[in-house]
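The values are calculated or read from the model by the stated rules, or taken from the named source; none is laboratory data. In this text the structure is predicted, and so the values were computed from the model without any measurement. Please note: Cβ atoms are built from the backbone with ideal geometry, for glycine as well, and neighbour counts cover all protein chains shown.
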Ligand SMILES: [Zn+2]
């Protein structure tokens, strides 16, 4: 790919021209901002992102970076800061969310809003979701401004409110009402990260697309009756059978550019047995066994191949001796980014094939579908170049996340978005130290490297191509 080679060369050039930075000083400053932000209780609900936004505004404006805020209600503002480039190219948007999920204080060893330093970690709610990205964006802005980096694109920092389940205060507000404030060609946000296993760095993931959540409901109806006289058309029985059929249905497998590249690249760093699976996904004689293996052992990979269905809620009956006339089940459907949900729902009706069971759409916080962000543009090449610099000796995997992020709204408007994040240990999640867990934490070293990676990628994407 000649174009790709050129892009990589340009990204490399931009990096060479970097002025010297006193990273020790920057690291101290990073940690100070990070701990200050983690100490603020911005858990959502109710949100209350204002103290974090006030703090960011103060820090940015003290260095001459203008900011604006946008809010549905005063306690929940979004902050936008912009450093102007020469306008040759469309802007780069960098973002992080200032709200966090809630906490159960009884379960926390270190206080959730203490930002306690222990054994090389900072403990606290939001340390890996998403105050790490907020601080990386902040430091990237400060460095670009202080070093007076020549830019071909404006760099816009959006510190968004309400990512954790109240998007109307955050990304929805910005996209629907203040689009011109954040309109950009590329964006960086949460969603990727470097992965370490057994103390060894394995790969860096960059999220380039994501599955879209949809709600479907199965509603079974039948006559009510006395529990002492069984009925063939008992709604509970028909619902159970329908749930079982929906869950057992192996929905069609479909790869896109991201998942194809993901499995190809993952194969290159896997054991021979694993690689044989990743490389033979579409092999007509092998695909079924591989998909079965994924379903049993690698559910994340199984989900990446298809629009998936998980039954999650069942409601039926109210007392032991009454056959209820209605029973319903909620399905958590995660669509591939290009899924046609109308067709999918029709297929599901055929699979269930029961006139007593209706399949209906259920309202939920869905998002627009969009084609995956490109793997052959300057943004992706820059992220890979930054990966090679700060996470040497490993590779970048483009990834489709099975969960949803706010990038979906931006991709839906045509923005090319890339999910990034710090290094985490695979072992940390199961031990209860991951995002949303009761003892969220980040390695200080990991945060510092992430800040450098973020800054480096941002100036490769937005920096002028001329020698500085
Ligand atoms: Zn998050």
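Figures for the structure shown
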{"read-out": "Qualifying residue in the range 166-174 (condition: farther than 21 Å from residue 75 by Cβ, more than 13 Å from the ligand (Cβ to nearest atom) and either in a loop (DSSP other than H, G, I, E, B) or in contact with a helix residue (DSSP H, G or I) (Cβ under 6 Å, 6 or more places away or on another chain) (or both))", "value": "no"}
{"read-out": "Scope the range 430-447; condition within 15 Å of the ligand (Cβ to nearest atom) and part of a loop (DSSP other than H, G, I, E, B); matching residues", "value": "434, 435, 436, 437, 440"}
{"read-out": "Residue within the range 44-58 that is free of Cβ contacts under 8 Å to residues at least 24 places away in the same chain, buried (at least 17 other Cβ atoms within 10 Å of the Cβ), touching a helix residue (DSSP H, G or I) at 6+ places or on another chain (Cβ under 8 Å) and not in a loop (DSSP other than H, G, I, E, B) present", "value": "yes"}
{"read-out": "Residue under evaluation residue 393, criteria (1) at pLDDT 95 or above; (2) within 16 Å of the ligand (Cβ to nearest atom); (3) surrounded by fewer than 15 Cβ atoms within 10 Å (Cβ to Cβ), criterion not met", "value": "(2)"}
{"read-out": "Residue count, the range 120-164 (criterion: closer than 20 Å to residue 37 by Cα and assigned to a loop (DSSP other than H, G, I, E, B))", "value": "12"}
{"read-out": "Boolean, residue 188 is within 16 Å of the chain's Cα centre (by Cα) and either modelled with pLDDT of 95 or more or within 16 Å of the ligand (Cβ to nearest atom) (or both)", "value": "yes"}
{"read-out": "Among (1) part of a loop (DSSP other than H, G, I, E, B); (2) touching a residue at least 60 places away in the same chain (Cβ under 8 Å); (3) farther than 30 Å from residue 185 by Cβ - the single one residue 102 does not satisfy", "value": "(2)"}
{"read-out": "Subset of the range 402-419 (residues that are surrounded by fewer than 20 Cβ atoms within 10 Å (Cβ to Cβ) and either under 9 Å from the mean Cα position of the chain (by Cα) or within 16 Å of the ligand (Cβ to nearest atom) (or both))", "value": "402, 403, 404"}
{"read-out": "Answer from 50, 84 - the residue that is more than 21 Å from the chain's Cα centre (by Cα), at pLDDT 95 or above, away from the ligand (no atom under 16 Å from the Cβ) and closer than 19 Å to residue 155 by Cβ", "value": "84"}
{"read-out": "Criterion: assigned to a loop (DSSP other than H, G, I, E, B), at pLDDT 95 or above, out of contact with any helix residue (DSSP H, G or I) (no Cβ under 6 Å at 6 or more places or on another chain) and surrounded by 16 or more Cβ atoms within 10 Å (Cβ to Cβ) - qualifying residue of 258, 251", "value": "251"}
{"read-out": "For residue 127: the one exception among (1) under 26 Å from the mean Cα position of the chain (by Cα); (2) away from the ligand (no atom under 16 Å from the Cβ); (3) more than 19 Å from residue 167 (Cβ to Cβ)", "value": "(2)"}
